[in-house]
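First comes the structure, then the notes that go with it.
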Amino acid sequence: MSIPFSTFYFIGMLGNFTLLFVIGKNQTLHKPMYLLLCMLALTDIGTTTSIMPKALFIFWFNLKVITVGGCLTQMFFLHAVSALHSAILMAMAFDRYVAICHPLRYSTILTNTRIAMLGLIGLIRAVLLVLPLPLILSRQPFCANRIIPHTHCEHIAVVKMSCADTTVNRTYGLMVAFVVMGSDLMLIAVSYSLITRAVLRISSKKAHQKALNTCTAHICVMLTSYTSVLFTILTHRFGQAIPPHVHIILADLFFLVPPVLNPIIYGVKTKELRDKVGKYTCRR
């Protein structure tokens with residue numbers, strides 16, 4: 001299992017760091033859309049790096065032990081970066097809405113400074129919502145059999161080790177998941193409903209195609225990201241019928257696959273970025 005896992009991890013890191021490097025080196029790409037892509041790449045790097053090094057140590061060196069503090073720290077970073085990832089996807093939907101519905105005002109509505117502020121707000125929201133999870137768990141007594149049936153410290157997996165009443169932990173964890181994903185998905189749905197209404201008013205088929213092409217990459221990224229998060233949340237709570245080994249492998253793959261696919265999706269669908277990557281590669 002370490003071979004596909006390490007391969008996915010390496011490809012994901014290579015793709016996302018390449019994206020960051022190309023956008024950073026080209027002044028013409030210092031635009032709101034590409035700044036959002038950089039934020040997305042950073043969250044992809046953070047998500048996989050928070051779980052894969054430890055998972056690979058388990059596979060390669062049989063190092064299965066982790067301290068309680070290390071486990072809670074890993075849990076915080078995993079869920080905080082995931083919440084930030086969701087906020088960035090919501091900001092990208094707003095970016096597409098402005099680009100299609102208000103193209104003449106795009107440069108005045110969405111500046112680089114405002115995009116940075118949106119990223120900072122998303123980071124603050126993620127930290128404030130996720131920080132209580134490890135803090136509450138740190139006060140809980142754990143049973144003698146402290147075994148997590150996973151390669152990483154997911155919140156519910158750690159909660160199940162507690163010998164005390166975990167109603168508060170479970171309720172708050174579920175509330176955070178629905179607040180973060182529910183609010184972001186609702187705003188994304190509003191953005192795309194307004195985009196759809198604007199596109200339907202356009203009479204030109206060429207303009208239709210151009211407008212839809214600007215959203216295709218974002219829609220694909222959303223599908224890969226939210227599918228993985230929803231699967232992980234629901235199977236931890238309601239997936240008792242799923243064999244444990246299947247659950248573990250799928251949970252890890254769902255954290256690995258989106259960071260691999262996201263740079264490829266945007267590299268293929270975004271012509272300006274594709275051209276810059278191609279020119280830089282040929283020059284090298």
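Selection of segment 149-181 for residues being assigned to a helix (DSSP H, G or I) and more than 30 Å from PHE5 (Cα to Cα) yields THR167, VAL168, ASN169, THR171, TYR172, MET175, VAL179.
Residues in segment 165-195 that are open to solvent by less than 50 Å² (accessible area, probe 1.4 Å) and more than 22 Å from the chain's Cα centre (by Cα): THR166, ASN169, ILE195. Screening LEU137, LEU118 for residues that are under 28 Å from THR48 (Cα atoms), open to solvent by 30 Å² or more (accessible area, probe 1.4 Å) and touching a helix residue (DSSP H, G or I) at 6+ places or on another chain (Cβ under 7 Å) leaves exactly one candidate, LEU118.
The values are calculated or read from the model by the stated rules, or taken from the named source; none is laboratory data. Here the structure is a predicted model, which is why all the values come from computation and not from measurement. Ideal geometry is used to build each Cβ from the backbone, glycine not excepted, and the neighbour counts take in all protein chains shown. Calculation scope for accessible area: heavy atoms of the full protein, side chains included, ligands and nucleic acids excluded. Shrake-Rupley method; radii C 1.70, N 1.55, O 1.52, S 1.80 Å.
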